[in-house]
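Taking it in order: structure first as structure tokens, then the write-up.
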Amino acid sequence: MKYLKSLGIIAIVLFSFYYTEKIANFVLISNKLYQEIDKNKENYEIKSISANIEGKFITPGLEGLSVNVKDSYYNMKDVEVFNSYYLIYESARPVISLEQNKDKIINKGNKEKNSVALVIEYDKNIIEYLKNYNISVLVNLDNYQKESLYEPINNEVKDFKTLDNLINKYNHKNNICLLNSYNEQICRDNQKYLVTPTHTLDDNTYLSLKDKIDSGDIILIKKGTSLKSIETILKSILYKDYQINYLSKHISEERT
């Protein structure tokens, strides 16, 4: 009998909470300011862009921004009038995203980011020359430095896990592999984002490349490339007003 009585009390309490929440929600959505936010939200939202898949390749999409009407209302209610400055946004994932398609290979970033990524085969002279830019560098255990201005990309095979643990410990985890002839399987086994360059830069390609660079491109700079060749490409990138982003940021579906 006591057991049934306790169940009855619990049921009443739960029903009371449910009923109270229903009333609160009804009062909230009946509020004029709440309704105005809900009515105008589409004017301030940004739709997500799905990733584009062509065969084995994928171009990243972009997250959208949706208005959280309830949070925006509470952020705005002291003002008592609609003001877009107080809107609260939430990220809206692309319907088709990189995360769902890690088996695909990224060969470009999203053009709307207005950026390019420079990835360097480890070369001290080139790294020093480009030290003021957000560059990514292919590293192994012999040349990895836990404190550096560039973004390290794991280029090991034999000691892939060891280097991966070091990068994750001392740097922001980028979870990226730049594919070559010997690392694809280990990169797939470790669920990395698979990346291949759009263009390869060396002293034989720089003249033909300088007029081809477009937003979204991933440019691999070969070890030993002359600084003069790199300067030519750098001028072309800056002339087109493209940002130079770390590879992780370049292929990210975040807008910032």
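The values are calculated or read from the model by the stated rules, or taken from the named source; none is laboratory data. Here the structure is a predicted model, which is why all the values come from computation and not from measurement. Virtual Cβ from ideal backbone geometry, glycine too; neighbours counted across all protein chains shown.
I'm trying to understand the selection: among the residues of the range 62-99, which are free of Cβ contacts under 8 Å to residues at least 12 places away in the same chain and polar (S, T, N, Q)? Show your work before the answer.
Step one: filter the range 62-99 for residues free of Cβ contacts under 8 Å to residues at least 12 places away in the same chain, giving 74, 78-79, 83, 85, 99.
Answer for the range 62-99, where residues must be free of Cβ contacts under 8 Å to residues at least 12 places away in the same chain and polar (S, T, N, Q): just Asn83.
Within the range 233-255, does at least one residue satisfy the condition of being exposed (fewer than 15 other Cβ atoms within 10 Å of the Cβ), in the same structural domain as Val137 (by TED's automatic domain parsing), among the polar types (S, T, N, Q) and at pLDDT 95 or above?
Taking every residue of the range 233-255 in turn, none turns out to be exposed (fewer than 15 other Cβ atoms within 10 Å of the Cβ), in the same structural domain as Val137 (by TED's automatic domain parsing), among the polar types (S, T, N, Q) and at pLDDT 95 or above.
Please work out if Glu156 is acidic (Asp, Glu), under 26 Å from Pro60 (Cβ atoms) and under 19 Å from the mean Cα position of the chain (by Cα).
no
Filtering the range 193-210 down to residues that are in a helix (DSSP H, G or I) and surrounded by 18 or more Cβ atoms within 10 Å (Cβ to Cβ), which residue is farthest from the chain's Cα centre (by Cα)?
Once the filter is applied, the top-ranked residue is Tyr206.
Quick check on the range 216-234: of everything there that is of a type outside the set (Gly, Ala, Ser) and in a loop (DSSP other than H, G, I, E, B), which residue is nearest to the chain's Cα centre (by Cα)?
In the first step, residues of the range 216-234 are kept if they are of a type outside the set (Gly, Ala, Ser); the result is 217-223, 225, 227-228, 230-234.
Add one more test, that the residue is in a loop (DSSP other than H, G, I, E, B), and what stays is 217, 222-223, 225.
Details: Asp217: 15, Lys222: 25, Lys223: 27, Thr225: 29 Å.
Among those that are of a type outside the set (Gly, Ala, Ser) and in a loop (DSSP other than H, G, I, E, B), it is Asp217.
Look through the range 20-55, keep the residues that are of a type in the set (Gly, Ala, Ser) and more than 30 Å from Ser97 (Cβ to Cβ), and return whichever of them is modelled with the highest pLDDT.
So the first thing to find is which residues in the range 20-55 are of a type in the set (Gly, Ala, Ser), and the list is 24, 30, 48, 50-51, 55.
From what's left, more than 30 Å from Ser97 (Cβ to Cβ): 24, 30.
On the way: Ala24: 46, Ser30: 74.
Within the range 20-55, the match that is modelled with the highest pLDDT is Ser30.
Given the criteria buried (at least 16 other Cβ atoms within 10 Å of the Cβ), over 19 Å from the mean Cα position of the chain (by Cα) and not acidic (Asp, Glu), does Ile213 qualify?
Yes; evaluated as a whole, the condition is true for this residue.
Could you check, for the range 76-88, whether at least one of its residues is modelled with pLDDT of 90 or more, buried (at least 17 other Cβ atoms within 10 Å of the Cβ), within 30 Å of Ile244 (Cβ to Cβ) and touching a helix residue (DSSP H, G or I) at 6+ places or on another chain (Cβ under 6 Å)?
no
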